[in-house]
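Every number here is computed from the coordinates shown, using simple stated rules; none is lab data. Everything numeric here is computed off the predicted structure, so don't read it as measured data. Neighbour counts are summed over all protein chains in view; Cβ atoms, including those assigned to glycine, are modelled from backbone coordinates with ideal geometry.
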Amino acid sequence: MTRLPLGRGATFEAFVTAFPLVPLVGWMTGLATGLAALLLVDFAPAQVLAAVVLGLAVGLTGLNQADGLLDLGDGLMVHGDARRRLEVMHDPHGGVGAIGLVFFTYLVAFAALSDLAGLSVGADDLSQAAVLPAAVLLAEVLSRLPFLILSWHSHASHPGLGEQALEGFATRHLALGLVVSAPALLTGFVLGWPAVAAAAAGMLLVALFLRRTAFALLGGVGGDVMGASQELSRTACLVAIALSVSLWP
């Protein structure tokens, strides 16, 4: 689920078994992106730094989840029943719905990162310089939890790889993912506890909205919805953190 040269090749069955540990992917991308932000904070202007951070966070996943965001945009745009929407989502050609959803998702994420980078660039102390890296780490870890929330007591919208990941997914698997993610909440020592609470709330709202939308319009959850949930949750977390840090410095 990343381009990072970690681990080794494995079967899809092994991936399904390890699926509840998906927040570990967020730890890897968050630490890599946060470290890059910390190293560049004294050299790059805020907006350039924000662009680099966003590009790195998205690029480390190989744009796989961005592809899900594109497909979801088309599926939400088209009129028709669940079957018609799924047909459009599986079409390799992206339409205006795909372009619009991706554009605004990353535009808003960039704006939030720019505000956070503005706090870190030129900071006099390490705690302030760490605001952007901490925000990126928290957003990357939390944005993987919707994978598990969407899988809990759920069913697939169509046969495929996503259907296998949903089979047998139980409450204990969700709990395991929450435990793996929990240490990221310690970023509250840098960002403030209101920012952590707001980020978690933003992530949860996105997950619940997508769950409701997927069941209502698509007949269930699929891989595209899961991929889109990560990208949308990252943006929601970053916006929530930026607003909270602004209101409660």
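A few points about this structure:
- Judged by the gyration tensor of its Cα atoms, with axes a ≥ b ≥ c, segment 171-249 is oblate; a/c meets the 1.5 cut and b/c is at least as large as a/b.
- Mean projected area in nm² (Cα convex hull; one quarter of hull surface) for the chain: 12.9 nm²
- Take the Cα of His90, step 7 Å toward its Cβ, do the same at Gln47, and the gap between the two points is 4.3 nm.
- Contact order, relative form, for segment 13-247: 30 percent (alpha carbon pairs under 8 Å, 6 or more residues apart, mean separation divided by residue count).
- Fewest-first ordering of Val196, Val136, Val58 by other beta carbons within 10 Å of each residue's beta carbon gives Val58, Val196, Val136.
- For segment 86-160: rounded, prolate or oblate by the Cα gyration tensor [a/c cutoff 1.5]: oblate
- Förster radius 51 Å - calculated FRET efficiency between Ile99 and Asp125 (Cβ-Cβ, nearest 0.05): 0.75
- Charges were assigned to the Cβ only: +1 to each Lys and Arg, -1 to each Asp and Glu. The resulting dipole of the chain about its Cα centre is roughly 360 debye.
- Computed from the C-beta positions of Ala111 and Arg3, the FRET efficiency with R₀ = 25 Å rounds to 0.45.
- Extreme residue, positive dipole direction of the chain, given options Leu119, Ser154, Leu142 (C-beta unit charges): Ser154
- Rounded to 10°, Cα long-axis angle of helix 171-181 versus longest principal axis of the chain: 20 degrees
- Summarising the amide proton neighbourhood of Val221: residues at separation of 5 or more, or on other chains, whose placed amide H is nearer than 5 Å comprise His155, Ala156, Ser157.
- Positive end of the dipole of the chain (Cβ unit charges, origin at the Cα centre): among Tyr106, Val221, Phe189, the Cα lying farthest that way belongs to Val221.
- As a proxy for reagent exposure, Ile99, Ile241, Ile149 were ordered by neighbouring Cβ count within 10 angstrom, fewest first; the result is Ile99, Ile149, Ile241.
- Using C-alpha pairs under 8 Å with a sequence gap of at least 6, the mean separation divided by the residue count of segment 134-249 gives a relative contact order of 43 percent.
- With Cα atoms, 0 to 90° folded angle of helix 131-142 axis to the chain main axis: 20 degrees
- Residue exposure proxy: Leu40, Leu238, Leu54, ordered by other Cβ atoms within 10 angstrom of their Cβ from fewest to most, comes out as Leu40, Leu54, Leu238.
- Centre separation in Å (Cα based) which lies between segment 6-73 and segment 182-228: 16 Å
- Trypsin sites (Lys or Arg not before Pro), loop per DSSP, at most 15 other Cβ atoms within 10 Å - longest free stretch of the chain: 9-249
- Rounded to whole Hz, the Karplus (6.51, -1.76, 1.60) HN-Hα couplings of segment 40-49, x for glycine and proline: 9, 4, 8, 10, 9, x, 4, 6, 5, 4
- Rounded tilt (10° steps) of 96-120 against the dominant C-alpha axis of the chain: 20 degrees
- Phi to ³J(HN,Hα) by Karplus 6.51 cos²θ - 1.76 cosθ + 1.60 over segment 224-236, Hz, x for Gly, Pro: 5, 5, 5, x, 5, 4, 5, 5, 5, 5, 4, 5, 4
- The helix-only estimate of mean residue ellipticity at 222 nm for the chain, built from DSSP H runs of length n ≥ 4 each weighted as -39500 (n - 2.57), is -22500 deg cm²/dmol after division by the residue total.
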